Amino acid sequence: MGAEPETERLKEIGSRLARSSLSLTRYIATAGPGLAMALLLLILHIFQPPFVGSISNLVFDTYQRAYPRPYEDAGVRVVDIDDESIRRLGQWPWPRTDAVRLTDALTNAGAAAIAFDVVFSEPDRTSPARAVEILRQNPEARGDYAEIAAMTDHDELLGQAMARGPTVTGYFLTEEANTARPAEHAGVAVSGTPPLGVLREYNGAIVSLPVIGDRASGAGSVSLDAGRDDIIRAVPLIANLDGRIVPSLSLEALRVAQGAGAILVRSSDGSGEWGGGSPAPTVLAVKTGDLQVPTTDVGELWMHYTAPHPDRVVPAWRILEGDLPEAEMRRLFEGQIVFIGTGAIGLRDIRSTPTQAGELGVVIHAQAAEQMILGKFLTRPDWASGAERILMVALCLLIALSAPALGALRGGVLAMLALGGVLAGSWFAFRNSGLLLEPIFPALGVVSVYIAITAVSFYREERARSHIHNAFDRYLSPELVDRIARDPGQLELGGEVRQMTVLFSDVRGFSRISERFGPQELIGFLINLLTPMTDVLLARKATIDKYIGDAVLAFWNAPLDDPDHEQNAARAALEMLETLKRLNADNARDPAWPGQVAIGIGLNTGPCCVGNMGSRQRLSYSLIGDTVNLASRLESLTKAYAVSILVGEDLAARLPDFALVELDIIRVVGRDAPERISALLGPPEMSSDTAFIETRSRMSALLEAYRSRDWTAAEAALERLRGADTLPGLEGVTNLYAARVADFRLNPPPDDWDGISQALEK
């Protein structure tokens, strides 16, 4: 009679399982649109077609307009050759003598660096010698103007002015090949492989005349390359000029201002941060003097622009016409990095930025220097793309799995919360940490999957799957229930042979503990003990087979592959001892804790049969084999040898780096083959400890003497093993061997004795 309900229940389970199998096609058909949309978005995010980058740029541009970088005086000024300066001083280009006066005025005011966003690539037409040639061609000329022709050339005067101050000349980079190259005032060192392959490559340059550029303290590129939409969102700090890494104007100005000798470029394969996934090294950061600047993979600085600020800009005419007294000049420029550029109509180097439709190029260089000085960076971390994909997939799965059960209204609320969380999280990361985390794809994933899921009802299919879970949750682990729901054929009996590591753990003196507590108190004690032990095992990738009262059986390398199962098992056993030590200390005064609890652990590795085992009425995912039996015997032997962890011979051979000490060769009950057993005393870090090395050496000497029947040498080895410089933990072993040696002195073993011990109980 008692078997009939069980039979009926199994029939119901089988029926539900069959219905689940039949409904799989319907489930795929109804869930397909949402999953297909999520897959499409994932593919788009991985391959990043151009419009994907455009969407991301629009988001980050919006963030910058909503929250521009607050202006802070970073010691950077811009001298603008504006319309008023042109009106007062004449048309451009000015005589180089004006540039000389401007340079000397800033140098005398104590500027830390004077960077020209102007390229002096052609000789000055107003220089005396050239002016004389023009005068001599005039029909009304009188004389040969020799005194004028002998005057110093204006380009030479500017070169002298450059040499007197901390100046930086600018140059343009071009893709057209030529032989012009900027003067190399300081080297560029690379930590790792030079990342030339990822830098923007140029084949030529437009540089200042050597008489000017060679005498400056530095030279930097003024080229600003915009994206497809002509908006400058990032400034290149370094570039590849025909196989040579060259700095930008802002970076070189910082170097000169600090008096640094070189610029350091950190490559991804020279920092310990590169995993080798990229086919070529990329740029992680650049460093000059005391300033280290994180960059994009291609050596660019993400710009975070400020709103226009009058304190940053000084018109050139105010300096050249003496409108600023000496004290004001020093207040404005002493210790400052000064960028000189042209803002006059017709001369303007106008660029678009996320915050300004028309921004002076020289101001962009100045703002780049400000960010580097202030350490206020926008960064898109290496993990950003991966995190966005994971978030998108996670949210898609969340909506796909939750919306059908919640219904349209509550599912919509969940989708709105997820959407708001994504947008708020992205904005919070930008606003508070300067992180560029793109919210569009996770947000699109939420919306598109919700629409697709709510457009198709799969209520019946969900109910069928629910039947399977309700039927088997009481018998199998959640992981196995999921596997059965996906593949009902796994209910078949049988298993597979795998190389596995097995752990048996048992509480010492549990009978005494059981006598002390009542049933409820005993269960509470076991829960408090086994819960943290289980946490340790699961953290080390173990599969918990079963709890047998106070004992635990766990194994590694099934159902999921674990190539490091031997090391994980050994570390788990050691961590279990550390956890127990903490539990004993934390509960020392708790009456519900039975004093100093101790456990014994047996570890073994070898082939096991693992899978669904049992009867056709009841299944259990477990394992069997000689490896399992030996692990159980090893746990029992920990009592006889008074050690906490015993390891079988095969496992010891697979743990060469761990602190292992051989204890004996023994035949366990129920097994003919002898087993060499070792005590696991500590992790690999202990194996180099002097005390451990000495302990292992003395134990080896004891075993050698013992197995060769040299009882006198064995007794001497025992005394050395008890020495003060020997690692504690083997006191029980020394007592055991001392008793054996004393007994063999009185009762010598037979002639065929092979030194192998025999266990007398399981």
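Checking the condition buried (at least 16 other Cβ atoms within 10 Å of the Cβ), within 29 Å of T174 (Cβ to Cβ) and modelled with pLDDT of 95 or more, which residue from A113, A99 passes?
A113
Residues in segment 120-142 that are surrounded by fewer than 19 Cβ atoms within 10 Å (Cβ to Cβ), assigned to a loop (DSSP other than H, G, I, E, B) and out of contact with any Asp or Glu (no Cβ under 7 Å at 6 or more places or on another chain): how many?
Of the residues in segment 120-142, 10 are surrounded by fewer than 19 Cβ atoms within 10 Å (Cβ to Cβ), assigned to a loop (DSSP other than H, G, I, E, B) and out of contact with any Asp or Glu (no Cβ under 7 Å at 6 or more places or on another chain).
Out of all the residues in segment 654-675, which are in contact with a strand residue (DSSP E or B) (Cβ under 8 Å, 6 or more places away or on another chain) and either in the same structural domain as S644 (by TED's automatic domain parsing) or closer than 22 Å to A572 by Cα (or both)?
Within segment 654-675, R654, L655, F658, A659, L660, V661, E662, L663 meet the criteria.
Is it the case, given these coordinates, that D155 is within 27 Å of L173 (Cβ to Cβ) and in a helix (DSSP H, G or I)?
So D155 fits the description; yes.
Answer yes if at least one residue in segment 625-636 is buried (at least 22 other Cβ atoms within 10 Å of the Cβ) and touching a Pro at 6+ places or on another chain (Cβ under 9 Å), and no otherwise.
Yes: segment 625-636 contains one or more residues that are buried (at least 22 other Cβ atoms within 10 Å of the Cβ) and touching a Pro at 6+ places or on another chain (Cβ under 9 Å).
Kindly indicate which of I340, I364, I345 is of a type in the set (V, I, T) and modelled with pLDDT under 90.
I345
Out of curiosity, is D710 more than 56 Å from the chain's Cα centre (by Cα) and at pLDDT below 90?
no
State which residue is nearest to S223 (Cα to Cα) when the search covers only segment 79-93 and only residues that are hydrophobic (A, V, I, L, M, F, W, C) and surrounded by fewer than 21 Cβ atoms within 10 Å (Cβ to Cβ).
Per the criteria, the residue is W92.
Report those strands (runs of 3 or more DSSP E) wholly inside segment 294-374 carrying at least 1 residues which are among the acidic types (D, E) and within 27 Å of S54 (Cα to Cα).
Where strands (runs of 3 or more DSSP E) fall fully within segment 294-374 and carry at least 1 residues being among the acidic types (D, E) and within 27 Å of S54 (Cα to Cα), they are 300-302.
Conditions (1) of a type in the set (K, R); (2) at pLDDT 90 or above; (3) within 29 Å of P182 (Cβ to Cβ); (4) touching a Gly at 6+ places or on another chain (Cβ under 9 Å), marked per residue:
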| residue | (1), (2), (3), (4) |
| --- | --- |
| P247 | no, yes, yes, yes |
| H304 | no, yes, yes, yes |
| V313 | no, yes, yes, yes |
| R318 | yes, yes, no, no |
| G322 | no, no, no, no |
| M329 | no, yes, no, yes |
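Of the residues in segment 200-222, how many are surrounded by 19 or more Cβ atoms within 10 Å (Cβ to Cβ) and closer than 26 Å to G259 by Cα?
The total comes to 14.
What number of residues within segment 242-260 satisfy the criterion of being surrounded by 22 or more Cβ atoms within 10 Å (Cβ to Cβ) and either more than 12 Å from A113 (Cα to Cα) or of a type in the set (V, I, T) (or both)?
4
Yes or no: G549 at pLDDT below 90, touching a helix residue (DSSP H, G or I) at 6+ places or on another chain (Cβ under 9 Å), loosely packed, with under 14 Cβ neighbours inside 10 Å and in the same structural domain as N612 (by TED's automatic domain parsing)?
yes
Please work out which residue is modelled with the highest pLDDT, limiting yourself to segment 403-413 and to residues that are surrounded by fewer than 17 Cβ atoms within 10 Å (Cβ to Cβ) and on the phi < 0 side of the Ramachandran plot.
Residue satisfying both the conditions and the ranking: V413.
Please work out which residue is modelled with the lowest pLDDT, limiting yourself to segment 600-618 and to residues that are out of contact with any Ser or Thr (no Cβ under 6 Å at 6 or more places or on another chain) and assigned to a strand (DSSP E or B).
Taking the candidates together, the pick is N612.
What number of residues within segment 667-680 are among the hydrophobic types (A, V, I, L, M, F, W, C) and at pLDDT 95 or above?
Result for segment 667-680: 3.
Can you spot a residue in segment 619-640 that is closer than 15 Å to G729 by Cβ, modelled with pLDDT of 95 or more, outside any loop (DSSP other than H, G, I, E, B) and touching a Phe, Trp or Tyr at 6+ places or on another chain (Cβ under 9 Å)?
no
If V118 satisfies every condition in (1) touching a residue at least 60 places away in the same chain (Cβ under 8 Å); (2) touching a helix residue (DSSP H, G or I) at 6+ places or on another chain (Cβ under 7 Å) but one, which is the exception?
Here V118 meets the rest and fails (2).
What's the number of the condition L529 fails, among (1) free of Cβ contacts under 8 Å to residues at least 60 places away in the same chain; (2) crowded, with 16+ Cβ neighbours inside 10 Å?
(1)
Does any residue of segment 127-148 turn out to be modelled with pLDDT under 95 and touching a His at 6+ places or on another chain (Cβ under 7 Å)?
Yes.
Report yes if T174 is farther than 16 Å from V222 by Cα and surrounded by fewer than 19 Cβ atoms within 10 Å (Cβ to Cβ), otherwise no.
Considered against the rule, which asks whether it is farther than 16 Å from V222 by Cα and surrounded by fewer than 19 Cβ atoms within 10 Å (Cβ to Cβ), T174 comes out as no.
Answer yes if at least one residue in segment 76-87 is in a loop (DSSP other than H, G, I, E, B) and either touching a Phe, Trp or Tyr at 6+ places or on another chain (Cβ under 9 Å) or within 23 Å of L251 (Cα to Cα) (or both), and no otherwise.
Yes, segment 76-87 contains at least one residue that is in a loop (DSSP other than H, G, I, E, B) and either touching a Phe, Trp or Tyr at 6+ places or on another chain (Cβ under 9 Å) or within 23 Å of L251 (Cα to Cα) (or both).
May I ask you to list pairs of residues, at least six apart or on different chains, whose Cβ atoms are under 9 Å apart, with the first in segment 237-262 being in the same structural domain as Q367 (by TED's automatic domain parsing) and part of a strand (DSSP E or B) and the second being buried (at least 22 other Cβ atoms within 10 Å of the Cβ) and among the aromatic types (F, W, Y)?
Pairs found: V246/Y171.
Can you run down the residue pairs with Cβ atoms below 7 Å, 6 or more apart or on separate chains, where the first is in segment 357-384 and without any contact (Cβ under 8 Å) to a residue 40 or more places away in the chain and the partner is among the aliphatic types (A, V, I, L, M)?
Correct list of pairs: G358/I350.
What pairs come up if the first residue lies in segment 412-425 and is in a helix (DSSP H, G or I), the second is at pLDDT below 80 and small (G, A, S), and their beta carbons are under 6 Å apart, counting only those six or more places apart or on different chains?
Close Cβ pairs (under 6 Å, with a partner that is at pLDDT below 80 and small (G, A, S)) amount to L414/S402.
The values are calculated or read from the model by the stated rules, or taken from the named source; none is laboratory data. From a predicted model like this one, the values you see are computed outputs, not experimental measurements. Please note: Cβ atoms are built from the backbone with ideal geometry, for glycine as well, and neighbour counts cover all protein chains shown.
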